[in-house]
Every structure is written in C-alpha cells, then in structure tokens.
Amino acid sequence: MDTSYRLNNELEFNTDDMQSLQDAFCKANDMYVICVGKSHGQITSFSGSQAEEEFCDLKFSSEMKREIMDSFIDGTADNIVERFGTEEYLMYRGVAIRGAAGAFLGVWLCFGVDKNRIPEDKTIPENLKLTTLDAFDKSILLIETLTKYYFAEKIKTQTLKQQLLEEKDTEHEIKYKLKKNEIMTDILRLMESENSFSKISEDILREAGNYIGCTNTALLQISENDIDVDMILEWTSKDEEALISKFQQIPLMDLPFMNGKPYTISSDATLPEAFEIFFIKYGIKAAIFLPITVNDSTAMYLCFMNRGAERKWSVDDLRFANDIKRILHTLLVKKITTNSLASSYNALEVILQNAGYGIVVADLAQKQTLYTNDTFNHMFENEIDRLAIQEIIFDEKYTLPELSGYSANGSGKWFDISFNSIKWVDGRNVRMITFYDITDLRLYQKKVEKQAQEDILTGLYNRQTCEKDISLEFVVAKKLNREFAVLMIDLDDFASVNEGLGYSVGDDLLEYVAHSINDISYIKGKCYRVGGDEFAIIVDHDNIANLELIIKRIMNLFNNPWILNGQEYYCTMSMGCVKAPADINDATEILTRLNIALHGAKNKGKNRCEYYNEQSQEVMTAKVKMEQALRKAVEDDCKEYEVYFQPIMEFINGVPNCCGAEALVRWNSPEYGLVVPDRFIGQAEQLRLILAIGEHVMREAAKACKYWNDFGHPEYKVNINFSVVQLTQSDILDKIKSVIEETSIDPNNLTFEVTESMAINDMEWMTRILSAIRDLGCRVALDDFGTGYSSLNHIRSMPIDTIKIDKAFVSDMDSDNFSEAFIKTISELADSLDVDVCVEGVEIDKQVDMIGKFSVNLAQGYYFDKPLTREEFEKKYL
Ligand code: C2E
Ligand code: CA
Ligand code: CA
C-alpha cells in the first residue's frame, strides 16, 4: 500500500504515521479527530467503532466541516476555529495544519462530547468517548502544538532532501557531459587509425553503447539482393545475450523499422502491431534505429536496443546517437571512396561544426590556422581571449595547468584543452586542439568546496575554516609583530530552547544570532560557527584596536530579546577572549585557551565575557577536579549533600513566629569542606547533576517537615528551591508525587521556589507547569523577585502563592528610596492578589521595623537565624 501523501504538492509524509498519531490521540483524550487535506479530501480514517462513526457523522455535518475548512482558506481563522451546533453538549473545533511560510495545507477536524452537559433524556451510543469542555480545549491546544512541531520538522527535512537531490542532478549532468566529450575525442581518434572499417566500427559500437547505457548496439546490413538483413556487428553490455546469431538472413519484411526512416522508441510508447511483435520476439523494451544512407540508398542501420529493463530516451541520447551515425557514415564513405581523410572532410565538417566542443586545426611549422569550428569561434569571441589562445595553439610546449584547466580572462570561462597530432587532408602533420567548456563544472566544484567550509544552517564558515584562518592570522600577526584576538561565544542554556520550544525554533535562534553577530561592523566574514551553539570571531591585527567595541556590541545584541515564533525570547551568552601571539607558540594553543576563558565565563555565572589570563588555566583544572568530585558525590547517593534549614518567620500582630523553613543545600565534601550552593549549583546544573541533587533535597526536606508536622507543628511548611533544569523535566510532577506518597506529607506544606527568569521565555509553559504543581496541592513561591527580568505582569499572571523579595532590596532599604518604594508597591499588589510576601536577607533591627510598615507577613534572614542543620533547627524551633 502506498502510504505517502502529499499536501498541496508541498509536503510529503506518511499517512500511517498520521493515522497512528490520531488513533493514539483520540484514545488518550476521549475525543474524535480526523485529518482532511485542503484540496485532496480526507487523509486519515475515523478512529473508533462503527457505532461511534455513525454518531459522529450524524452530528458533525459536512456543511459544518466545509465551513471550518473555508474559514482557514479565506484566512478569517488563525490556527484554531470553534463552531457551535444546535446541541450544547457537542463541541466542534478545527485546527489548521500549516506548511512553509504558514501556507494552509489541511485541517484536523475535532469533535467532542461534553459529559457534563448531556441532557438527561438523550440516548447516546454505549461506548461513546466522553470528555469535558475544559479537557477538550486543552487537547485542542495540544493538537495545535504537536502539529506545529511535527510539520515544521517535516518541512525542514524535506527542503534539505530537495536541495540534495538538485545538487546530485547537476553533478550527474556535468559528469555526463564531460564523459560525452571524452568519448567523442576517442571516437574521432579511432577514425584516424589505419584499422579496417569493421574493427573501428566495433570499437565505436562499444564506446557508444557504454556511454548511452543500453544493452545492445548493432549494425544491420541489407544484403545485396535487397531481400534479407544480416547483423554484421554487435556489442552487448556485460552478461547480456547477443542477438547476432538470431539476426542472420532475416527477411527484410520482418523488420518493420527498416524502411529508410529513423525511429526512437521509448518503453512507454504505444507501438503499431508489427513493431510490437518484433519487440516481444526479441525481448526489446526500447530502441533507436537510424538508417545510414550512402549514395541515396540505405546501406546500413545503426541500432541501440535496451532489453530487459524499460528505458526512456532523452534528447541528449538522441543527439549522441545521431552523432555516432554521422561518424559511421563518414567512415563508410571513406572506405567506399578513397583512403584519405580529404574525401570525408566535408562530411566530417558537418559533425565538427555541430560538436559541443571547440576544435582548431593548426600547422605549427607554418604558424597557420587551418580550421576552426563554430563552437570554437563562439568560445573565443572575446578579443582578449582570442589573442591569448593563439599563443597556446602555436606553443608546442604548452601544458595545461593541472586540475584547474585553462581560464579565459575575458569571458571568465574555464576550459579543458586536449592536443592531438593528425594528418591533414594534404598529408602534412598538423595539430588538432579540442576545447571543452568546463565552467559549469568549475562553478559546481567551487560550490562544493565552499559548502565544505560552510555551516549549512547559518551560512557562516565552519570550525575547520576557523582553525585554518586562526593559523593564517597567527603567522601573519607574528611576522608583523602585531596582536590579534579570537572570541568564542557559547549560548547559555541553549539546550532548554531546543527542549522547550523544539529544534526548529532552536535553529531559528542560531540563524538570527549568527547573522546578527556577522553583521556587526569589523566582524563581517570573520564569524564562524564552531559547534552546536558556539560561535568564534577572529578580530585580526587590523581591527584589534576595536576589540573592546566589538565585544560591547556583541554583549548589546544579547541584552535585547530575539523574536521566535512571534514571541520575545531572551537568551544570554558567555564569551571567552584570547589575545595572541604574545606568549603563544602555535595556533592550537589559542583554541585551548579560548575554551578555558569560555568556561571561566560560564563558571562566573554566565552572561559575561572573560579574557584568558594566567590564572584561567588553574581555574580550569580546578573546575575539572571539582566536576569529578560533584559527580562522585551524586553517584554516592548524594550523601554528601546536606540539607540546612533557615527559619521563615510570620508576623502575627507584629510578633515574628517561626512558620517553617527554607531548605538550603550544602555540599559537605571530604576534599573541599562545607561548600555553599553558590559555588557548585551552577556547575551541577550544567552537568545536569542538579536533577539528582534536587530530588535528594526535596526528599530530605519533605521528610524533615513531615516529622515537624507530626511532632507539635502541623502548620510548619518547608520551601524547596527548583532550578529550571528540574522544572523542564517531563517527569517532575511524578517525582513530586512520589515524594508526597513516600513521606505522606500534607502537600500544602511543600512550597516550591522558582525564579522569574524561568518564565521569561515561555510564560505559557511556566503557567502550565506551576498550575500542575498547585493541582497536586503544593504551593509555589516566586524567588529573588526584583532581580533580573522583573515584571509586575508576571506576578499577575503566574499561579503563585508567595513572592520572595530579594535581599538586595532589604539591605538597600534605608539608603535608597527606590527600594523602599519597590517593597511597598509589591506588597500592595500582592495584597490585592491575595499573595503572601516574604522579604529575604533581614539582618538588623531597623529593617524589621521598616518591614512592619508594609503589609509584608513573612521574613527570613540572619536577624532571625542563619541556615541551620536539621538538629540545630529542631532543637530551637520544635
Ligand atoms: P536563595 O534561594 O535566595 O536562598 C537564600 C540565600 O540567602 C541563602 O544562601 C541564605 O543562606 C542567604 N541568606 C539568608 N538570610 C540572609 C541574610 O540575612 N543576609 C544574607 N546576606 N544572606 C542571607 P545559600 O544557602 O548560600 O543559597 C544560595 C542560593 O543557592 C539560594 O538562594 C538558592 O538559589 C540556591 N540553592 C540553595 N539550595 C538549593 C537547592 O537545594 N536547589 C537549588 N536548585 N538551588 C539551591
Ligand atoms: Ca530560595
Ligand atoms: Ca531568594
């Protein structure tokens, strides 16, 4: 069964895939969906029983379906359209399938039955899938997202495939042309040999058959009595059965094509009966028959036959076959008349004039051009080229530059030239020079070379080219005793773009970044893509004075959002910078130093530029060492990661009371001692070790809190910090659930702290995941509010229970009016939204007093207590 399907001739994909996608989707979401193409009707079939199908057909009329389709075609609907029927409990939606540039290709027609609104007196089929309005709408959004990514991927791979195919075609075509030229030269040379007609013809049949790629080539001759036909020469491709023995003394009448006319018969032609019989009898699938006429009567037939496989002849095949016919004709005439080339000169000229290559015959001794064909004249129309080529024609010692061919300055064309010595009509030794135009081939080769140096996605030069250019610049700068620099950029958290928004969006981002960097003045052409999300820039010795400026411009680029999928997306980057040559001995050292500098930038908290210096190397070594230790600690069941608890105070009538604690991890390492999180969380995130560590902290914190709840403080809550890496895990909800089950803690006593920076790029996703956490009964706090990308809108639209105001505001409070005003505004806004406010970093009396003025109910800080071990905390607060 053919399961590939084309939507509007634009997109090919597998209908089986779509069907299974649809089947699974309908089953999981208790609804009905089918896929309909814009112009080709229904693509998938109904998922469900016959009774279900009948019900859906009855309730979801074809008029309504058409109406949905039309609303996409005329552009009134965007991606999702809703329709209403006469019965309230039936829900109808359409979700658009779009191709490249948003072209509408088809639609998912979706139908759902709302179980909450089915009238009591209604009878519906027994096994009908039932859902709710809310679930149905969520599923529709899911279809929209899935479709977007599914087709975006398809479109991308398909365009790539298409490009590859087109390139293969050109390559094939060029090779074909060159081969033809080669064969023609060989054949022309053959004509000159002293061999007999049959020996030469045999060789020609072989060359021609090989070139055209058919199974049999042959010469048929009509006997002198004009009644029979004999095959006098035959060539067959490897393993092919020869026909020559069967083709002896065949009555002329049995060969329908031998009537003096040429025939080109491809396999798909409808044949007259006589031909049909002949073809079947000899197993021929396609053939070219060309009469060779001498003195007004057909002397021979040149045949190209394909047996076994079907064949369609191309224009090029036909042209070639006719050239061969003319050559054989010339040979024949030559044989019949005299033995000199002179007599066949006229005939030969016809061929040479039309040949696709330039020919010159010259007498070197006399410095005389004897003959040029039209193609040659046309090739060297240009005066400059014509003069230049004259020298080559008469230069006995001229050798063609190897590999590259001859380049004509005036026309910009490239030629392959071959020299042969032949006997001229009057017997003197002359030189025949053939010119093949290989400009296309050269261009193609250039393109291929360029592709090998370039990165396909961004069009920037790739890593190999970068390394080569660094080496070159290194040599030059050293010689001139000048400085140059190399920058290496790595996008921060690029993996989360790919994971969160899909690979095609990730690719978009890379493209934008690449072009924006490459467009900065002084950089143009010197930007390279050296890894997935890594870019390098060479600031050469001429531009080194602008290094600071270049770095500043790059940093500025990343201070603004990129527009992805029509939405703003913030992405930061880390950059390493190395200046050379100074004490550097070779170019590879530059790359090593670059990596070290870049890692330095990452380690210092990303979003910055670091220059390489002496210490960088040590920092790097230290980092690698720490990495191993961190990993080992995780493998060792996270035992070294201890959880400390800092009390959180609630103001009741102005008096602070402990109401729980924030769990803060410490790494108690045998090598490093007690390490605070700021020194290892970043690295643990990069290595994804934070997943294991975070789960460990969550479990330990929940255990502790459950213990407090059971022993006198049922109201105590525990706050757990979540990194973005943790939140983007698809199984994060399962992990939380299993900790709740394991510890039997009241989920309402678990608060998860997240930062706004996670929401900045995908508010929708953030809202979804936080709502899901709250649906489990847990609480959510927005941590470090006021730092980074703060937005009051986020407070309004994010499902949160608590806002934690960053400690920077508290410490600045009495010296800075803004901080005070900020806390005031936030606390008022929080009040109106019924969200708690917690201020962090409270250290002194004065701050406690000032907080008292606002409607802030929670506080945390050294004033009350530092983070304590569990024992210490329990001793004091239990
Ligand atoms: P955070 O969530 O803002 O945690 C509060 C930090 O402020 C803690 O630092 C705490 O010791 C410190 N702090 C508390 N009161 C005061 C004060 O009065 N003055 C000053 N100057 N500082 C105070 P810590 O424990 O070093 O944690 C640093 C950061 O590490 C945390 O910042 C949090 O973002 C992260 N972190 C800690 N534990 C975990 C964890 O288990 N998972 C994840 N993902 N991150 C964690
Ligand atoms: Ca926190
Ligand atoms: Ca905080």
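The values are calculated or read from the model by the stated rules, or taken from the named source; none is laboratory data. A quick note: this is a predicted structure, and the numbers were derived from the prediction, not measured. In this analysis, Cβ positions are derived from the backbone assuming ideal geometry, glycine residues included, and neighbour counts consider all displayed protein chains. Each accessible area value is taken on the protein alone, full model and side chains, heavy atoms only, with ligands, DNA and RNA left out. Shrake-Rupley method; radii C 1.70, N 1.55, O 1.52, S 1.80 Å.
Kindly evaluate GLU618 against the criterion of being acidic (Asp, Glu) and loosely packed, with under 15 Cβ neighbours inside 10 Å.
In short, yes.
Would you check if there is a residue in the range 631-644 being touching a residue at least 60 places away in the same chain (Cβ under 8 Å), open to solvent by less than 60 Å² (accessible area, probe 1.4 Å) and not acidic (Asp, Glu)?
yes
Looking at the range 645-658 only, could you name the residues that are open to solvent by less than 40 Å² (accessible area, probe 1.4 Å) and either outside any strand (DSSP E or B) or within 16 Å of ligand 2 (Cβ to nearest atom) (or both)?
Passing the criteria: PHE645, GLN646, PRO647, ILE648, MET649.
Every residue in the range 289-331 that is of a type in the set (Val, Ile, Thr) and touching a residue at least 24 places away in the same chain (Cβ under 8 Å), please.
Answer for the range 289-331, where residues must be of a type in the set (Val, Ile, Thr) and touching a residue at least 24 places away in the same chain (Cβ under 8 Å): ILE292, THR293, VAL294, THR298, ILE324, ILE327, THR330.
Table: residues versus (1) within 51 Å of the chain's Cα centre (by Cα); (2) modelled with pLDDT under 80; (3) within 23 Å of MET184 (Cα to Cα); (4) not in a loop (DSSP other than H, G, I, E, B).
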| site | (1), (2), (3), (4) |
| --- | --- |
| ALA365 | no, no, no, no |
| PHE376 | yes, no, yes, yes |
| ARG386 | yes, no, no, yes |
| LYS397 | no, no, no, no |
| LEU400 | yes, yes, yes, no |
| ASN409 | yes, yes, no, no |
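Across the range 794-805, which residue is nearest to PHE854 (Cα to Cα) among those that are of a type in the set (A, V, I, L, M, F, W, C) and away from ligand 2 (no atom under 14 Å from the Cβ)?
If we take residues in the range 794-805 being of a type in the set (A, V, I, L, M, F, W, C) and away from ligand 2 (no atom under 14 Å from the Cβ), then ILE795 is nearest to PHE854 (Cα to Cα).
Based on this model, can you work out whether LYS623 counts as of a type in the set (D, E, K, R), surrounded by 15 or more Cβ atoms within 10 Å (Cβ to Cβ) and at pLDDT below 95?
Yes; evaluated as a whole, the condition is true for this residue.
Go through (1) at pLDDT below 95; (2) within 16 Å of ligand 2 (Cβ to nearest atom) one by one and return the number of the condition GLU671 breaks.
Against the list (1) at pLDDT below 95; (2) within 16 Å of ligand 2 (Cβ to nearest atom), GLU671 comes up short only on (2).
All but one of (1) open to solvent by 20 Å² or more (accessible area, probe 1.4 Å); (2) away from ligand 2 (no atom under 16 Å from the Cβ); (3) part of a helix (DSSP H, G or I) hold for ALA808; which doesn't?
Among (1) open to solvent by 20 Å² or more (accessible area, probe 1.4 Å); (2) away from ligand 2 (no atom under 16 Å from the Cβ); (3) part of a helix (DSSP H, G or I), ALA808 violates only (2).
From the list ARG688, ARG666, exactly one residue is among the basic types (Lys, Arg), modelled with pLDDT of 95 or more and either within 16 Å of ligand 2 (Cβ to nearest atom) or more than 23 Å from VAL848 (Cα to Cα) (or both). Which is it?
From the options ARG688, ARG666, the qualifying one is ARG666.
Restricting the search to the range 823-875, which residues are touching a Leu at 6+ places or on another chain (Cβ under 7 Å) and at pLDDT 90 or above?
If the condition is that a residue be touching a Leu at 6+ places or on another chain (Cβ under 7 Å) and at pLDDT 90 or above, then ASP836, VAL837, CYS838, PRO867 are the ones that fit.
Listed here are the residues, each with its yes/no results for (1) in contact (Cβ under 8 Å) with a residue 12 or more places away in the chain; (2) within 16 Å of ligand 1 (Cβ to nearest atom); (3) touching a helix residue (DSSP H, G or I) at 6+ places or on another chain (Cβ under 6 Å).
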residue	(1), (2), (3)
GLU828	yes, no, no
ASP831	yes, no, no
VAL848	yes, yes, no
SER855	yes, no, yes
PRO867	yes, yes, no
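Exactly one condition in (1) surrounded by fewer than 19 Cβ atoms within 10 Å (Cβ to Cβ); (2) out of contact with any helix residue (DSSP H, G or I) (no Cβ under 8 Å at 6 or more places or on another chain); (3) over 22 Å from GLU53 (Cα atoms) is false for LYS148; which is it?
(1)
Give just the number: which of (1) more than 9 Å from ligand 1 (Cβ to nearest atom); (2) small (Gly, Ala, Ser); (3) in a helix (DSSP H, G or I) does ALA661 not satisfy?
Here ALA661 clears every test but (3).
I need a count of the residues in the range 664-711 that are among the aliphatic types (A, V, I, L, M) and assigned to a strand (DSSP E or B).
Looking only at that region, the number is 4.
Please indicate, with yes or no, whether at least one residue in the range 470-484 is in a helix (DSSP H, G or I), under 16 Å from PHE535 (Cβ atoms) and over 22 Å from the mean Cα position of the chain (by Cα).
Yes - at least one qualifying residue is present in the range 470-484.
I'm trying to understand the selection: among the residues of the range 787-805, which are open to solvent by less than 20 Å² (accessible area, probe 1.4 Å) and either modelled with pLDDT under 85 or charged (D, E, K, R) (or both)?
Correct list: ILE795, LYS804.
Give the residues of the range 546-564 that are open to solvent by 30 Å² or more (accessible area, probe 1.4 Å) and under 11 Å from ALA485 (Cβ atoms), sorted by residue number.
Residues satisfying the conditions are ASN546, GLU548.
Only one of these is of a type in the set (Ser, Thr, Tyr) and within 14 Å of ligand 1 (Cβ to nearest atom): TYR641, TYR672. Name it.
TYR641
Can you work out which of the residues in the range 839-878 that are assigned to a loop (DSSP other than H, G, I, E, B) and away from ligand 3 (no atom under 16 Å from the Cβ) is farthest from the chain's Cα centre (by Cα)?
LEU878
Only one of ASP493, ASP508 is within 29 Å of GLU534 (Cα to Cα) and without any contact (Cβ under 8 Å) to a residue 60 or more places away in the chain. Can you tell me which?
Sole residue among the options that is within 29 Å of GLU534 (Cα to Cα) and without any contact (Cβ under 8 Å) to a residue 60 or more places away in the chain: ASP508.
Which of the following residues is among the hydrophobic types (A, V, I, L, M, F, W, C), part of a loop (DSSP other than H, G, I, E, B) and in contact (Cβ under 8 Å) with a residue 24 or more places away in the chain: ILE232, ILE244?
Of ILE232, ILE244, the one residue that is among the hydrophobic types (A, V, I, L, M, F, W, C), part of a loop (DSSP other than H, G, I, E, B) and in contact (Cβ under 8 Å) with a residue 24 or more places away in the chain is ILE244.
So that you can scan it fast, the table gives a plain yes or no per residue for (1) assigned to a helix (DSSP H, G or I); (2) closer than 25 Å to ALA684 by Cα; (3) within 16 Å of ligand 3 (Cβ to nearest atom); (4) open to solvent by 50 Å² or more (accessible area, probe 1.4 Å):
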{"position": "HIS713", "(1), (2), (3), (4)": "no, no, no, no"}
{"position": "VAL725", "(1), (2), (3), (4)": "yes, yes, no, no"}
{"position": "LYS737", "(1), (2), (3), (4)": "yes, yes, no, yes"}
{"position": "ILE745", "(1), (2), (3), (4)": "no, no, no, no"}
{"position": "ASN748", "(1), (2), (3), (4)": "yes, no, no, yes"}
{"position": "SER757", "(1), (2), (3), (4)": "yes, yes, yes, yes"}
{"position": "TRP765", "(1), (2), (3), (4)": "yes, yes, no, yes"}
{"position": "SER771", "(1), (2), (3), (4)": "yes, no, no, no"}
{"position": "ALA781", "(1), (2), (3), (4)": "no, yes, yes, no"}
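Every residue in the range 16-33 that is open to solvent by 20 Å² or more (accessible area, probe 1.4 Å) and either over 30 Å from the mean Cα position of the chain (by Cα) or in contact (Cβ under 8 Å) with a residue 40 or more places away in the chain (or both), please.
Of everything in the range 16-33, those that are open to solvent by 20 Å² or more (accessible area, probe 1.4 Å) and either over 30 Å from the mean Cα position of the chain (by Cα) or in contact (Cβ under 8 Å) with a residue 40 or more places away in the chain (or both) turn out to be LEU21, PHE25, LYS27, ALA28, ASN29, ASP30.
One residue is enough: does the range 265-280 have a residue meeting the conditions farther than 25 Å from SER223 by Cα, in contact with a strand residue (DSSP E or B) (Cβ under 9 Å, 6 or more places away or on another chain), open to solvent by 30 Å² or more (accessible area, probe 1.4 Å) and not in a loop (DSSP other than H, G, I, E, B)?
no
Go through the residues of the range 729-745 one by one and say whether even a single one is of a type in the set (A, V, I, L, M), in contact (Cβ under 8 Å) with a residue 24 or more places away in the chain and within 13 Å of ligand 2 (Cβ to nearest atom).
Checked against the condition, which is being of a type in the set (A, V, I, L, M), in contact (Cβ under 8 Å) with a residue 24 or more places away in the chain and within 13 Å of ligand 2 (Cβ to nearest atom), the range 729-745 yields no hits at all.
Pick from ILE652, ILE736: which is closer than 30 Å to ASP849 by Cβ, out of contact with any strand residue (DSSP E or B) (no Cβ under 6 Å at 6 or more places or on another chain) and more than 12 Å from ligand 1 (Cβ to nearest atom)?
ILE652
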